[in-house]
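Worksheet for the structure shown next.
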Amino acid sequence: SLDFWRLLYALLKQIHGGKWTESDAIDNQIRFVKSALWYHGYGRPELYRLPSDGSAGSRELLLTFSWLLHRLGLLEQLLAWNRVKTGDETSVCTCEDDLPNSQKGTTEITPEYGLEDRVDVRYLQWLNGRLRFQWRSLHAQHQEHCKLLHKIHLFTSGSHMDQILGHFSVTETDLVRQPENYKQLLQLLESETMQLEAFLEWKQLEPVYWHWMETVLDNMAEEGNICESQDAHVEKNGLPKVTSGCPWADSLTGQIDGLSRDLMTLRDRLHELVTHRKAAWCEKVKAREEELEKEGFSATARKIQESVELKLVHLCAPKKNKMHGPCRLVFRSKHPASKTGFSRSVSREPVSAVSATEVIRELQMREASLERELKQLQQECRQRLDEIAEGLDGVICISP
């Protein structure tokens with residue numbers, strides 16, 4: 001069990017980009033593993049009941065490890081994280097999804113702590129301002145990084161053996177300046193090759209592993225059913241034994257029966273009250289709908305329906321493939337001869353060639369769409385505030 005906890009700790013630490021050492025206390029490792037699994041949406045309660053000293057739960061940890069393999073693509077993420085990057089790369093993403101599929105359901109199981117009663121609005125405004133400042137600093141650093149990359153690509157243009165690529169990357173430039181570092185790079189490439197060979201071997205044996213996991217799940221399900229039947233048998237036979245041996249059990253049972261009757265009566269009254277309130281609200285809503293219909297409610301509803309239909313048509317329309325993933329940065333001058341080299345590089349490079357102007361155009365279209373939606377929401381909020389302000393007596397509201 002301890003070895004399994006340490007394995008999960010090391011793997012999840014690499015995925016989350018944190019540093020880890022074997023000297024960390026086992027209770028801290030187990031606490032981190034449980035919190036990371038909760039974040040990723042692992043909802044099996046048996047895992048979170050395991051002791052913090054790591055003395056039990058090897059089969060439960062095996063099930064958790066298999067869930068990570070299947071749900072998160074654990075091995076693929078580790079290969080991508082530990083990949084040796086010899087070229088200058090950037091991440092391109094024009095997808096509209098805010099969260100990956102593996103994280104969409106995590107907010108549903110997150111416990112609520114009622115922070116709205118304790119957080120000051122001014123503190124949130126300060127956090128927003130701090131976030132904006134850090135975002136601008138990050139953007140400025142990214143621009144400076146792009147300028148330095150451009151200088152390296154421009155000054156080394158025509159020096160690379162691959163004429164299609166044409167220039168050195170930062171790693172290659174560092175090797176030219178410090179040739180003794182090539183041994184370390186060679187060791188990293190050999191290690192990556194061993195990892196890829198192990199991954200290919202795993203892919204061949206993967207069906208055997210999942211067949212084994214099916215038998216493990218079947219055994220756990222059978223043991224769970226046996227435990228439930230034993231617990232039910234103990235619950236049925238336990239109460240008469242206690243009542244027969246305890247003189248005060250009869251009075252306690254009578255008090256419990258009285259409380260049960262009171263709870264049943266209270267439940268019936270609440271049900272009647274909810275039914276009455278619900279009928280009254282339905283009458284009020286119906287009356288309000290009739291008033292709104294006289295004021296042009298049908299026209300407003302028609303406009304909303306048309307806008308929704310337009311959005312659905314936009315969503316259901318066939319779209320071209322969105323760009324997502326890492327791309328290698330390749331310097332291309334404005335000379336016409338470079339265009340042929342760019343088209344030929346598409347078939348030779350493993351990553352599909354993407355033009356920066358195409359990405360900029362795509363992002364500008366997305367920005368314009370979001371701005372239109374923001375303005376529409378702001379206009380609706382202003383109209384709603386005006387309606388509320390009209391109902392306030394003795395108050396003058398000046399719109400910004």
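Annotation: Cα Rg of the range 1-82 relative to the compact-globule expectation 2.2 N^0.38 Å equals 1.01. Between residue 371 and residue 141, the C-beta separation translates, for a Förster distance of 22 Å, into a calculated FRET efficiency of about 0.25.
Here r is the Cβ-Cβ distance between residue 257 and residue 278 and R0 is 30 Å; the resulting FRET efficiency, rounded to 0.05, is 0.40. State which entries of 13/151; 34/375; 183/203; 147/375; 34/147 exceed 32 angstrom in Cα-Cα distance in the structure shown. Among 13/151; 34/375; 183/203; 147/375; 34/147, the Cα-Cα distance tops 32 Å for 13/151; 34/375; 147/375; 34/147.
Multiplying the residue separation of residue 14 and residue 210 by 0.36 nm and removing their Cα-Cα distance gives an extension gain of 68.1 nm. Taking amide H positions as modeled 1.01 Å from N, with prolines and chain starts lacking one, the residues under 5 Å from residue 92 and 5 or more places away or on another chain are 325, 327. Working from label points 7 Å from Cα in the Cα-to-Cβ sense, the residue 24 to residue 59 distance is 2.8 nm.
A short reminder: the numbers here are calculations on the coordinates, not readings from a lab. On a predicted model such as this, the values are computed, not experimentally measured, just so you know. In this analysis, Cβ positions are derived from the backbone assuming ideal geometry, glycine residues included, and neighbour counts consider all displayed protein chains.
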